[in-house]
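**Q** One structure follows; several queries about it will come next.
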Amino acid sequence: MIHVLADQNLYKIEELIPPKAALSLYDPAEGIPDASGFDALLVRTVTHLNKETFPDIPESLKFIGTGSSGTDHLDNEYLEDQGIMLADANGCNARAVAEYVMTALLLLKEKYQPGQPFGKIGVIGVGKAGSAVVDLLEDFDIECVEYDPPKEERDPEFKSASLKEVLDCEILTFHVPLNRKGEHPTFHWLDEEKLSGRAFKLVINAARGGVIDELALMKFYVEGSVNNYILDVWENEPDLNTEVAKHAFIATPHIAGYLEQAKINATKIICDKMAEFFGIERVAPKYKNISKTVELAHIQYDLTKLLTRLHPIKGYDAALRDLFDRPDKKVLFRNLRNEWPYRFEFSYLKIRKELLEEFPELKKLGITGF
């Protein structure tokens, strides 16, 4: 039997924890938990573990898992030097992020360019999330440019576009980890220098806050060389810059990867890695892929109304904007992330067939008919 301390907001953690693991839960809003006496600690991106926040690592603690694709909230070098095995859920939410990006693109196109082509899209970071974005863009016959020099170095079959090629695109979407050090740092990758002298229809960041210099982005938006931007992640999150957010076409509280299937996958992945590390039995699979029929009233729909009904992106946007002038916006930001129900992946949604025939974009998203 191992003793596990886990973030209470890890989805379905009580159902997915291995049978030979004694589970205790902590509330991340109360700060870094006391892990004394525990063998494993399971966290989310809201828990930042480094030498300053987690200076006294208990001798009992051997494993830290995060239910996220990225690990920029963890000081990997420090924790590994203390003998900790680290695990993440890389790739768990790739499809969710791709659907967020495509939904946002369609909403913007319907508002500003109905019937017009998107233009060339630069995908910066072509890991699992970026690759899922590329796949979905290709389903819509949208030309994209893949930029990922680190991937080119480790994958002989991948050829990255040049910096000039990606910055010549009309739209940029970011899917990189936040790295402040190393050969390929990504902190403020899109900065004033890269924005100067160029024009972009749209910039999307659904990766990590800090990959884009938000103040520089807002400056070039106000000056007119950036037509629109969409941000799901923020510098100093959850204390987001509300002035930056006010100018965004869509502003959401770090929920691009929030999907029923993605959240189950994330918890299951880190629980399975933990079970493997400690040599204990994994939990037996309990979940089947269940489709969800969305009953839509027989009224006149346009694509914007349908997308808003099928994806909560605009609901999150409206709810986030309601927080801008609140003194407790940081707490409310977290509550938005934790308390809204997760949506279903498009491929698990069913709507009336006549709507799919009228709006083929929905079929390309993976939605089926009944």
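**Q** Could you give the dipole magnitude of region 239-370 about its Cα centre, charging the beta-carbon of Lys and Arg +1 and that of Asp and Glu -1, in debye to the nearest 20?
**A** Around 240 debye, computed over region 239-370.
**Q** Could you compute the FRET efficiency for HIS3 and GLU339, with r as their C-beta to C-beta distance and R0 at 25 Å, rounded to 0.05?
**A** 0.35
**Q** Which order do the peptides 204-213, 50-59 take when ranked by the mean count of other beta-carbon atoms within 10 Å per residue, highest first?
**A** Details: 204-213: 25.1, 50-59: 12.8.
Final packing ranking: 204-213, 50-59.
**Q** Moving to a separate point now. Mean shadow of region 94-251, computed from the convex hull of its alpha carbons, in nm²? Mind dumping the intermediate values first?
**A** Values: hull surface 36.1 nm².
Result: 9.0 nm².
**Q** Still on this structure: Residue by residue through region 80-94, what is 3J(HN,Hα) from phi via Karplus (6.51 cos²θ - 1.76 cosθ + 1.60, θ = phi - 60°)? Round to whole Hz and write x for glycine and proline.
**A** 3J(HN,Hα) across region 80-94, in whole Hz: 5, 5, 8, x, 8, 7, 9, 9, 10, 10, 3, x, 4, 10, 4.
**Q** I've got another one for you. Going through the cross-link list LYS268/LYS330; LYS194/LYS364; LYS159/LYS194; LYS51/LYS314; LYS111/LYS263; LYS159/LYS314, which pairs have a Cα-Cα distance over 27 Å in this structure? Please list the in-between numbers first.
**A** Values: LYS268/LYS330 29 Å; LYS194/LYS364 33 Å; LYS159/LYS194 22 Å; LYS51/LYS314 38 Å; LYS111/LYS263 31 Å; LYS159/LYS314 36 Å.
Those over the limit are LYS268/LYS330; LYS194/LYS364; LYS51/LYS314; LYS111/LYS263; LYS159/LYS314.
**Q** How high is the FRET efficiency from THR308 to LYS219, r the C-beta distance, R0 41 Å, rounded to 0.05?
**A** In this case the efficiency is close to 0.85.
**Q** Provide the packing ranking of 325-337, 86-98, i.e. peptides ordered by the mean count of other C-beta atoms within 10 Å per residue, highest first.
**A** In descending order of packing, they fall as 86-98, 325-337.
**Q** Among TYR112, GLY125, PHE187, pick out the residue whose Cα is farthest towards the positive end of the charge dipole of region 96-193, where Lys and Arg carry +1 and Asp and Glu carry -1 on C-beta, about the Cα centre.
**A** Of TYR112, GLY125, PHE187, it is PHE187.
**Q** Which residues' amide hydrogens lie under 5 Å from the amide hydrogen of GLY369, considering only partners 5 or more residues apart or on another chain, with H built in the peptide plane?
**A** Amide H neighbours of GLY369: ILE351.
**Q** Follow-up question, since we're still on this one. First obtain the Kirkwood hydrodynamic radius of region 292-369 from its Cα pairs, then insert it into the Stokes-Einstein equation at 37 °C and 0.692 mPa s, and state the resulting D in µm² per second as a whole number.
**A** 232
**Q** Taking the convex hull of the alpha carbon atoms in region 1-53, what volume per residue do you get, in Å³? Intermediate results must be reported in sequence, preceding the final value.
**A** On the way: hull volume 4.0 nm³, N = 53.
About 76 Å³ per residue, rounded to a whole number.
**Q** While we're looking at this one, here's another question. Work out, step by step, the length gained on full extension between LEU23 and PHE370: first 0.36 nm times the residue separation, then minus their alpha carbon distance; give nm to one decimal. Before the final figure, lay out each step's value.
**A** On the way: separation 347, 0.36 × 347 = 124.92 nm, distance 4.18 nm.
Extending this stretch completely gives an extra 120.7 nm.
**Q** Over all directions, how big on average is the projection of the convex hull of the alpha-carbon atoms in the chain, in square nanometres?
**A** Average projection, Cα convex hull of the chain: 19.5 nm².
**Q** Right, next: Quick one: what are the phi-derived ³J(HN,Hα) couplings along region 140-150, Karplus 6.51/-1.76/1.60 with θ = phi - 60°, whole Hz, x for glycine and proline?
**A** For region 140-150, the Karplus-derived couplings read 9, 6, 9, 6, 9, 10, 9, 10, 6, x, x Hz, x marking Gly and Pro.
**Q** Further question on the same structure: Mind sorting TRP234, TRP340, TRP189 by how few other Cβ atoms lie within 10 Å of their own Cβ, fewest first?
**A** Arranged by neighbour count, lowest to highest, TRP234, TRP340, TRP189 become TRP340, TRP189, TRP234.
**Q** Take the Cβ-Cβ distance between TYR112 and THR53 as r, set R0 to 51 Å, and report the resulting FRET efficiency rounded to the nearest 0.05.
**A** For R0 = 51 Å, the calculated efficiency reads 0.75.
**Q** What's the local net charge at LYS62, with K and R +1, D and E -1, over the other residues with C-beta under 12 Å away?
**A** Charge balance near LYS62 sits at -3.
**Q** Continuing with the same structure: Dipole magnitude of the chain about its Cα centre, charges +1 at Lys/Arg Cβ and -1 at Asp/Glu Cβ only, in debye to the nearest 20? Working shown, then result.
**A** On the way: 44 positive and 60 negative charges, 246 e Å.
The calculated dipole for the chain is roughly 1180 debye.
**Q** Of TYR221, LEU86, ALA318, which is farthest towards the positive pole of the chain's charge dipole, taken about the Cα centre with +1 and -1 on the beta-carbons of Lys, Arg and Asp, Glu respectively?
**A** ALA318
**Q** Also, I was wondering about something else. Would you calculate, for the chain, the mean residue ellipticity at 222 nm contributed by helices, counting each DSSP H stretch of 4 or more residues as -39,500 (n - 2.57) and dividing by all residues, to the nearest 500?
**A** Calculated mean residue ellipticity at 222 nm is -10000 deg cm²/dmol.
**Q** For helix 128-139, what angle does its Cα long axis make with the longest principal axis of the chain, in degrees from 0 to 90 and rounded to 10?
**A** For helix 128-139, the angle is close to 30 degrees.
**Q** Moving on to the next point. Order of MET102, MET218 from fewest to most other C-beta atoms within 10 Å?
**A** The most exposed by this proxy come first: MET218, MET102.
**Q** Using +1 at the C-beta of Lys and Arg and -1 at the C-beta of Asp and Glu, which of TYR348, PHE370, ILE270 has the Cα lying farthest in the positive direction of the dipole of region 258-370?
**A** Toward the positive end, the furthest listed residue is ILE270.
**Q** Do any trypsin sites (Lys or Arg not before Pro) in region 238-321 lie in a loop, going by DSSP, with at most 12 other beta-carbon atoms within 10 Å of their beta carbon, and if so which?
**A** Answer by residue number: LYS286, LYS288.
None of the figures in this text is laboratory data; all of them are computed from the coordinates on show. Note that this is a predicted model, so its numbers are computed, not measured. Here the Cβ is made from the backbone with ideal geometry for all residues, glycine too, and neighbour counts use every protein chain on show.
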